Amino acid sequence: EARPVKVIEMKNTSLRWLLLAALAFGPASLACGGDDEEDTTAEEGEETSGGESRDLERPEGSREPDDDGSDYRPDEPDDDEPSAAAEPDPDEPSPWGQTRAEQCQPPTRREINSSAQRAIRQGIQAASSNDLEAAQTAFRNALSEDSNAYKAAYNLGVIADRRGQESRAMDYYQQALRIQSDYERAAEGVVTIHLRRNDVNAALSFVQPLARVHRTNLHLQALYAEVLVRAERYDQAWDAARLALRCDERFVPALTALVKASLAQGRDELANTILDQAIDVDEENAELHYIRGTLYREEAGRFRDALQSFERAVQLRPDYAEARVALGSAQLAGGNYTTALEHFEAAARLAPQLVAVHLNLADAYRASKQWNKAKTTFERALEMDPNLAQAHFNMGLMYMAAGEEFPGLDALQALEAAKQEFTRYRDLMGSRMERNDPSVGYMEDLDRQIDRTRRRMERDRARAEREAREAARSEEEGGGDEGATE
């Protein structure tokens, strides 16, 4: 069991210097953090996201650049805050062959004409009202007005992604990158799809050359660092994140990547230190609150804190699908089925391509005894991933709980359906299944219930047949007496 997370105040000088050493030299130089704690990561199969809610819905896993999403402007550090790296000398030679001033210049963006910008705003407004057809039309009009409207191409990719059209989304993201070759949102969209497909190598092969070519795009360096974490190439991830932090020690996406790298390496104390600093820099970053919630969730007695962190993430970004799933799961565990369903249904609209969303939504339907909806949604998850053992396990629980209440089934048929689902679950788990897996107990209990139910139904059937025969005999005898009287 993982140790409780220690929330560390950055006023602690020794811990602050611990962080500074990590940023300067990487985790390999530290003597601490090498304990036997379990690895804890913030991801659950997908990258998480942050950003400004006024922009069009983004695919899970993308973070928005500052301001209007076009350029990055480094924040000015506070005078009383110590630096995570030495103050860069504008004329200091860079390991990239540029001066520090050149290295830290934000990327330039193609200009989009006013008519295309107006169409993009119309598209975003339509999308916020869930009128995706009107949004698509507006974004296509923007591209017609200005072939350089890379934001319109990206937004068309977002809509396609929300509809589960991954290949079309990928085409639009690539179109945006052909117009603006370092457009980080489109790059994150491509990476997200690769990671969703569990193809880390493809994600790495895509983002690595982009990060190397566009050295001054700090968002691309942070994205590269996150993909390196997913590839378990932690030293390189630290190097990539530190390159961005040398330009801006308060750059939250790079700090976030280091949080994830630290958690993946089991350096929970360092991860929490960096997380605290990142939240101090940007308290309104939804992803940071989501990560904090996942850490609280693993701590005994911190359920309410986890719930509040997830609620804060969703408040900051209502379109944050992963945070809604986490919040819905917490609400479901607390018995708040109606609220849980609201979050799962919202997540399913935002990220229909995520199997975990459908699995959680189906479980919420099961908990609220909406049996047909639960079955349909479990089947949808299995269509997306036929080897999803957990779906069969949960369907077994569903049939056990529903019994003869399940539409179209009697008690025995429901129990037999439950046994069939648990059997399928066990077949899919194979050697991964532990000896004390709960399905063992459920299967034994089902065998007993099926045997008892079958005997009871046979007795009921025999009694019904006997009663029918007796009724028929009584009717015949009554009819004979009446004929004799006449």
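Filter the range 295-309 for residues that are in contact (Cβ under 8 Å) with a residue 60 or more places away in the chain and crowded, with 24+ Cβ neighbours inside 10 Å and give the result.
The one that is in contact (Cβ under 8 Å) with a residue 60 or more places away in the chain and crowded, with 24+ Cβ neighbours inside 10 Å: 295.
Pick out the one residue from 366, 424 that is assigned to a helix (DSSP H, G or I) and crowded, with 19+ Cβ neighbours inside 10 Å. I'd like the intermediate steps shown before the answer.
Numbers: 424 fails: crowded, with 19+ Cβ neighbours inside 10 Å.
Just one listed residue meets the conditions, 366.
Quick check on my filter: what residues within the range 145-154 are among the acidic types (Asp, Glu) and not in a loop (DSSP other than H, G, I, E, B)?
Going through the range 145-154, the residues among the acidic types (Asp, Glu) turn out to be 145-146.
Once the filter is applied, which keeps residues that are among the acidic types (Asp, Glu) and not in a loop (DSSP other than H, G, I, E, B), the range 145-154 yields only 145.
Mind listing whichever residues of the range 369-405 are closer than 26 Å to residue 457 by Cβ, of a type in the set (A, V, I, L, M) and open to solvent by 20 Å² or more (accessible area, probe 1.4 Å)?
Of everything in the range 369-405, those that are closer than 26 Å to residue 457 by Cβ, of a type in the set (A, V, I, L, M) and open to solvent by 20 Å² or more (accessible area, probe 1.4 Å) turn out to be 397, 400, 401.
Just to be sure I understand the filter: pairs with C-beta atoms under 8 Å, separated by 6 or more residues or on different chains, first member in the range 239-256 and free of Cβ contacts under 8 Å to residues at least 40 places away in the same chain, second member of a type in the set (Ser, Thr, Tyr) and part of a helix (DSSP H, G or I). Which pairs pass?
240/224
Which residues, counting only those in the range 448-481, are of a type in the set (Gly, Ala, Ser) and either more than 25 Å from residue 419 (Cβ to Cβ) or open to solvent by 100 Å² or more (accessible area, probe 1.4 Å) (or both)? Even if it seems obvious, please write down each step before you answer.
Taking the range 448-481 as the starting set, the residues that turn out to be of a type in the set (Gly, Ala, Ser) are 462, 464, 468, 471-472, 474, 478-480.
464, 468, 471, 472, 474, 478, 479, 480, listed by residue number.
Regarding the range 165-172, can at least one residue be identified that is in a helix (DSSP H, G or I), farther than 23 Å from residue 109 by Cβ and in contact (Cβ under 8 Å) with a residue 60 or more places away in the chain? Steps first, please.
Of the range 165-172, the ones in a helix (DSSP H, G or I) are 166-172.
Next, only the ones that are farther than 23 Å from residue 109 by Cβ stay: 166-168.
Cutting the leftovers down to in contact (Cβ under 8 Å) with a residue 60 or more places away in the chain gives us 166.
Checked the range 165-172: at least one residue is in a helix (DSSP H, G or I), farther than 23 Å from residue 109 by Cβ and in contact (Cβ under 8 Å) with a residue 60 or more places away in the chain.
Report every pair of residues separated by at least 6 positions or lying on different chains whose Cβ atoms are under 6 Å apart, first residue within the range 134-152 and hydroxyl-bearing (Ser, Thr, Tyr), second part of a helix (DSSP H, G or I).
Cβ pairs passing all conditions: 150/176; 150/179.
Name every residue in the range 284-305 that is of a type in the set (Gly, Ala, Ser) and at pLDDT below 95, in order of residue number.
Residues of the range 284-305 of a type in the set (Gly, Ala, Ser): 286, 293, 300-301.
Across the range 284-305, the qualifying residues are 300, 301.
Each row is one residue, and each column tells you yes or no for (1) assigned to a helix (DSSP H, G or I); (2) polar (S, T, N, Q); (3) at pLDDT 90 or above.
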{"residue": "102", "(1), (2), (3)": "yes, no, no"}
{"residue": "106", "(1), (2), (3)": "no, no, no"}
{"residue": "111", "(1), (2), (3)": "no, no, yes"}
{"residue": "133", "(1), (2), (3)": "yes, no, yes"}
{"residue": "143", "(1), (2), (3)": "yes, no, yes"}
{"residue": "156", "(1), (2), (3)": "yes, no, yes"}
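Just a yes or no: is a residue in the range 204-218 crowded, with 22+ Cβ neighbours inside 10 Å, within 18 Å of the chain's Cα centre (by Cα) and among the small types (Gly, Ala, Ser)?
For the range 204-218, residues crowded, with 22+ Cβ neighbours inside 10 Å, within 18 Å of the chain's Cα centre (by Cα) and among the small types (Gly, Ala, Ser): absent.
Let me confirm something: among 291, 279, which residue is surrounded by fewer than 19 Cβ atoms within 10 Å (Cβ to Cβ), assigned to a helix (DSSP H, G or I) and not small (Gly, Ala, Ser)? If you could, list the steps in order and put the result at the bottom.
On the way: 291 fails: surrounded by fewer than 19 Cβ atoms within 10 Å (Cβ to Cβ).
The conditions single out 279.
Identify the single condition in (1) open to solvent by 30 Å² or more (accessible area, probe 1.4 Å); (2) assigned to a helix (DSSP H, G or I); (3) at pLDDT below 95 that residue 312 does not satisfy, given that it satisfies every other one.
(3)
Looking at the structure I just gave you, is residue 430 surrounded by fewer than 19 Cβ atoms within 10 Å (Cβ to Cβ) and part of a loop (DSSP other than H, G, I, E, B)?
Numbers: surrounded by fewer than 19 Cβ atoms within 10 Å (Cβ to Cβ): yes; part of a loop (DSSP other than H, G, I, E, B): no.
No; evaluated as a whole, the condition is false for this residue.
Among (1) outside any loop (DSSP other than H, G, I, E, B); (2) open to solvent by 30 Å² or more (accessible area, probe 1.4 Å), which single condition is residue 408 missing?
(1)
Got a number for residues in the range 315-324 being open to solvent by less than 60 Å² (accessible area, probe 1.4 Å), out of contact with any Asp or Glu (no Cβ under 8 Å at 6 or more places or on another chain) and under 21 Å from residue 337 (Cβ atoms)?
2
The values are calculated or read from the model by the stated rules, or taken from the named source; none is laboratory data. Since we're looking at a predicted model, the values are computed, not measured. So basically every Cβ, Gly included, is an ideal-geometry build from the backbone, and we count neighbours across all protein chains shown. For accessibility, only protein heavy atoms count, side chains too; no ligands or nucleic acids. Shrake-Rupley method; radii C 1.70, N 1.55, O 1.52, S 1.80 Å.
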